[in-house]
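A.B. asks: Got a structure for you, written out below as structure tokens; questions coming shortly.
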Amino acid sequence: MRADSVTDAHLAQLDATKVRRVAIDGVRFTHARRRAVLRVGNESLRRFAAQKNFPTLVLDRCSVTTKMVCDYTEDWFASAAESEKSVRSQICTVKRCAAVKGSQFEVECRKRGLHCKRRRGSGSLILYNIQAEHAQTEFTVATQPLEADELKKADEQQ
């Protein structure tokens, strides 16, 4: 793939009110000299949230940021109708997205008054369960850090 193989502009062509799942996974770049990311990011999450549609997301090597993932999480909680707040859950997976850091995510959640609990997922996934006032309403963010050799390359370039 190339960084422009999938972009926010591509996702903007879809009807944001009808999308139920976005899965961009197993991304490999050709000729990646530096840490490459797809140009799918904050704008797509903003579009979905503006339409009060929160599809299940799997984003691998995309340009979303920690702050936007928190915004998206908050918007998801706010979108629930009172009758839905008793049992509701959602999952957002961000894998190898350089601008999403687990530790920053925890801090950002706490700043916003979101109850965030970290736990270990399968493999290298780290899960963050965010709960609203109602214990059965939960948004889960799964993160997977960059691989060790990618982190080393990134540090060398800086």
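The values are calculated or read from the model by the stated rules, or taken from the named source; none is laboratory data. Keep in mind it's a predicted model, so treat the numbers as computed, not measured. Methodologically, a virtual Cβ is constructed for each residue, glycine included, from the backbone with ideal geometry; neighbour enumeration extends over all protein chains shown.
A.B. asks: Pull up the stretch 79-92, narrow it to residues that are among the charged types (D, E, K, R) and surrounded by 14 or more Cβ atoms within 10 Å (Cβ to Cβ), then point me to the one that is modelled with the highest pLDDT.
C.D. replies: Residue satisfying both the conditions and the ranking: Arg88.
A.B. asks: Going through the stretch 106-124 one residue at a time, which ones are within 19 Å of Met68 (Cβ to Cβ), among the basic types (Lys, Arg) and surrounded by 10 or more Cβ atoms within 10 Å (Cβ to Cβ)?
C.D. replies: Within the stretch 106-124, Arg110, Arg112 qualify.
One line per residue, one yes/no per condition, for (1) at pLDDT 90 or above; (2) within 21 Å of Glu138 (Cβ to Cβ):
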site	(1), (2)
Arg21	yes, yes
Asn42	yes, no
Arg47	yes, no
Val58	yes, yes
Met68	yes, yes
Tyr72	yes, yes
Phe77	no, yes
Ala98	no, no
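A.B. asks: Can you find a residue that is out of contact with any strand residue (DSSP E or B) (no Cβ under 9 Å at 6 or more places or on another chain) and under 18 Å from Ile91 (Cβ atoms) anywhere in the stretch 31-42?
C.D. replies: No, because not a single residue in the stretch 31-42 is out of contact with any strand residue (DSSP E or B) (no Cβ under 9 Å at 6 or more places or on another chain) and under 18 Å from Ile91 (Cβ atoms).
A.B. asks: For the stretch 23-39, name all the residues that are of a type in the set (A, V, I, L, M, F, W, C) and either more than 15 Å from Thr56 (Cα to Cα) or modelled with pLDDT of 95 or more (or both).
C.D. replies: Val27, Phe29, Ala32, Ala36, Val37, Leu38
A.B. asks: Can you name every residue in the stretch 11-41 that is part of a strand (DSSP E or B) and among the hydrophobic types (A, V, I, L, M, F, W, C)?
C.D. replies: Within the stretch 11-41, Val22, Ala23, Ile24, Leu38 qualify.
A.B. asks: Kindly list, by first and then second residue, each pair from a residue in the stretch 125-152 that is buried (at least 17 other Cβ atoms within 10 Å of the Cβ) and at pLDDT 85 or above to a residue that is of a type in the set (Gly, Ala, Ser) and in a strand (DSSP E or B), limited to pairs with Cβ atoms under 6 Å and residues at least 6 apart or on different chains.
C.D. replies: Qualifying pairs under 6 Å: Leu127/Ala142.
Matching residues to (1) surrounded by fewer than 17 Cβ atoms within 10 Å (Cβ to Cβ); (2) under 11 Å from the mean Cα position of the chain (by Cα):
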{"position": "Arg21", "(1), (2)": "yes, no"}
{"position": "Asp25", "(1), (2)": "yes, no"}
{"position": "His31", "(1), (2)": "yes, no"}
{"position": "Asn42", "(1), (2)": "no, yes"}
{"position": "Ala49", "(1), (2)": "no, no"}
{"position": "Lys67", "(1), (2)": "yes, yes"}
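A.B. asks: Look at Ala36 and say whether it is closer than 19 Å to Val141 by Cβ, of a type in the set (Gly, Ala, Ser) and either surrounded by 15 or more Cβ atoms within 10 Å (Cβ to Cβ) or within 14 Å of the chain's Cα centre (by Cα) (or both).
C.D. replies: When the stated conditions are applied, Ala36 does not pass them.
A.B. asks: Which members of the stretch 94-119 meet the condition of being under 14 Å from Gln144 (Cβ atoms), of a type in the set (A, V, I, L, M) and not in a loop (DSSP other than H, G, I, E, B)?
C.D. replies: Val94 - this is the single residue of the stretch 94-119 that is under 14 Å from Gln144 (Cβ atoms), of a type in the set (A, V, I, L, M) and not in a loop (DSSP other than H, G, I, E, B).
A.B. asks: So, in the stretch 42-68, exactly how many residues are more than 20 Å from Thr17 (Cβ to Cβ), in a loop (DSSP other than H, G, I, E, B) and of a type outside the set (A, V, I, L, M)?
C.D. replies: Total satisfying the criteria: 3.
A.B. asks: Could you please find all residues in the stretch 51-65 being at positive phi and crowded, with 21+ Cβ neighbours inside 10 Å?
C.D. replies: The answer is Arg61, and nothing else.
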